[in-house]
1. From A:L42, A:L22, which residue is under 21 Å from A:L135 (Cβ atoms) and open to solvent by less than 50 Å² (accessible area, probe 1.4 Å)?
2. Can you go through B:G143, B:G169 and tell me which one is at pLDDT below 95, in contact with a Lys or Arg (Cβ under 9 Å, 6 or more places away or on another chain) and within 16 Å of ligand 2 (Cβ to nearest atom)?
3. Restricting attention to region A:98-115, does a residue exist that is away from every other protein chain (no Cβ under 14 Å), touching a residue at least 60 places away in the same chain (Cβ under 8 Å) and not in a loop (DSSP other than H, G, I, E, B)?
4. Under the condition of being away from every other protein chain (no Cβ under 11 Å) and in contact (Cβ under 8 Å) with a residue 60 or more places away in the chain, which residue from region B:51-98 is nearest to ligand 1 (Cβ to nearest atom)?
5. Which of the residues spanning region A:230-241 are touching a Leu at 6+ places or on another chain (Cβ under 8 Å) and either open to solvent by 70 Å² or more (accessible area, probe 1.4 Å) or in contact (Cβ under 8 Å) with a residue 60 or more places away in the chain (or both)?
6. Quick one: would you say B:G46 is under 20 Å from the mean Cα position of the chain (by Cα) and within 16 Å of ligand 1 (Cβ to nearest atom)?
7. Checking the condition surrounded by fewer than 14 Cβ atoms within 10 Å (Cβ to Cβ), polar (S, T, N, Q) and in a helix (DSSP H, G or I), which residue from A:S139, A:S224, A:S212, A:S202 passes?
8. Confirm whether A:P154 is open to solvent by 10 Å² or more (accessible area, probe 1.4 Å) and modelled with pLDDT under 95.
Amino acid sequence: MIKKLPVANISLRFIRVWSRNLTVYKKIWLVNFLVPLFEPLLYLAAFGVGLSTFIEKVPYHGKDLPYLDFIAPALIAITIMYNAFFENTYASFVRMYYQKTFDAIMATPLSLEDVITGEIVWGATKALIATVIMLAVISLFGLVSYPEGLLILPLAFLGGLFFGTVGMSFTGVIPSVDMFNLPIFLFITPMFLFSGTFFPVSGLPQWAQTLSTVFPLTHLVDLSRALCQGNLQPGLLWSVLYLMLSTAVCFPLALILMRRRLIQ
Amino acid sequence: MTETRTNIIEAINLRKAYNGFVAVDGVSFNLLKGECLGLLGPNGAGKTSTIRMLYGFSPMSGGILRVFGNDIEVGLRQIKSRLGVCQQENNLDPDLSVLENLQVFARYFNIPRKETRDRALQLLKFIALDHRKDDKVMSLSGGMMRRLVLARALINNPDLLILDEPTTGLDPQARHQVWERLEMLRANGLSILITTHYMEEASRLCDRLIIMDQGKILVAGEPADLIEQYAGDHVVEIVNPDDEVRELVESRGFMHDSLEHRIIIYGKKAERLFEVVGEQFCRQTCVKRMASLEDVFLRLTGRELRE
Ligand SMILES: Nc1ncnc2c1ncn2[C@@H]1O[C@H](COP(=O)(O)OP(=O)(O)OP(=O)(O)O)[C@@H](O)[C@H]1O
Ligand SMILES: [Mg+2]
């Protein structure tokens, strides 16, 4: 028997899984909207009012950036990462393991790959929705330059796809839901702190700077910051390419791992 | 007449191994259009494993499997679009209401949105849950959930309904409710494959039965024939039988099972079991009854507990 490539099992029906999740999301849309609405306010209050009295300016591409301008784009990037990663780890795991939702769907014309693709695209969509809300809030403070800032929307989707595929890959191998603490500790938290989010990477020792260029979040933050500043440079294309390639690697990986986990 | 009826399922030498453990070991059977076929067997016999291969959930380790005349490995999506499946575990969507469960499921089959609502409401009426349509699934009783799973399996108007233990864990009322629905569907000509541990369910619903154990088919046939062949017509059960009874049974060559504190004697009509054994020996605790499918099942699969 010839083994088909995992991507060959994907059909457009994956949209049905996406729309199932949207249906559930809409039921508690208010709660879902509140977090991206108020989270940036909290951060901006804490860092903007609290911390920025100590740190006034941060060096950025040869000029000095007010601290709020520095962190606001990072907040967006972090939101993208969290939304997609948590959706395709905890939330997908609950649907797969406790609710057996995937099992039920696989008895319909959908394939396992349709289900997983639908879940990942949904995770990216959720990241996109959160980004829209957050971008609106941050824009009110005059921290986003337009029209370049609009490019953050496709960026959110790309970043969401990437972190979703990574999350889904973990979901494919994790034995129990509590064990997600491990990839979060090893992968998410270091990125949250050391990707040029709250302070520039240039302040770190050389080896840490090198490490940080491997972090996908670093690239997402760079892109987000450049778009908020309206400071587009050709070098940013490398970051886009990096995110795209990483997604292209992690997506089939997630499909393979989930198939190994669920099909027996 | 049966020769002209089309095969809905054709399984030839089906095998399933999980990392070397053989769960289904060369099973061959077919299911004809309009037929209700029952799959019986003790826990771990391989019923669910067999069924899972039928709807493509788990890949076959060997054999040939055709559903609606199409090879399962080639036309899986088309096959699945014509199936209705009730899996052994309840897997209704707890994030959705009763009605939404049906509506969202309809989308997986690409059923147009306009038709979906009517169809879902119609099915809710069919399972007598229309008054609960906006409730959360988790607020339903076990029997209601099972009925909803059945309705969900019917959302695409399937040509074959696959039911894995549809009434396990239900009280008698709920079970009868499900049976009634299934009988209606059967009367409408729907082909059904069902697994169950309830012999009453099997004899009531199924045209034909397969009894399997340890991944192999032991016997197959119509319920009445199986009973006739493996348990006769009449049964006398005697508790704490004396040696006289045991001797008589041996000398007459009656079909029987000799347990520690009980002897179960099976007889054909012509053997006048009730008169010969019943009249003479029914002094102590003794039961005279008709042979049932349960007798067949226990005789073929043994009486000891499975792990
Ligand atoms: N995913 C799996 N991995 C390994 N072994 C399995 C798996 N699924 C089933 N088995 C084993 O295969 C055998 C048959 O299981 P199956 O679920 O098909 O039995 P069943 O007839 O449906 O039993 P029950 O009446 O309890 O539902 C059992 O020994 C079971 O432990
Ligand atoms: Mg089973």
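The values are calculated or read from the model by the stated rules, or taken from the named source; none is laboratory data. Predicted model, so just to flag it, every value in this text is computed and none were measured. A quick note on method: Cβ atoms are made from the backbone with ideal geometry, for glycine too, and the neighbour counts reach across all protein chains shown. Side chains are part of the model used for accessible areas, which takes the heavy atoms of the whole protein and leaves out ligands, DNA and RNA. Shrake-Rupley method; radii C 1.70, N 1.55, O 1.52, S 1.80 Å.
1. Of the residues listed, the single one that is under 21 Å from A:L135 (Cβ atoms) and open to solvent by less than 50 Å² (accessible area, probe 1.4 Å) is A:L22.
2. B:G169
3. no
4. Out of the qualifying residues, it is B:V67.
5. A:V240
6. Here the answer is yes, as B:G46 does meet what is asked.
7. The unique qualifying residue is A:S202.
8. no
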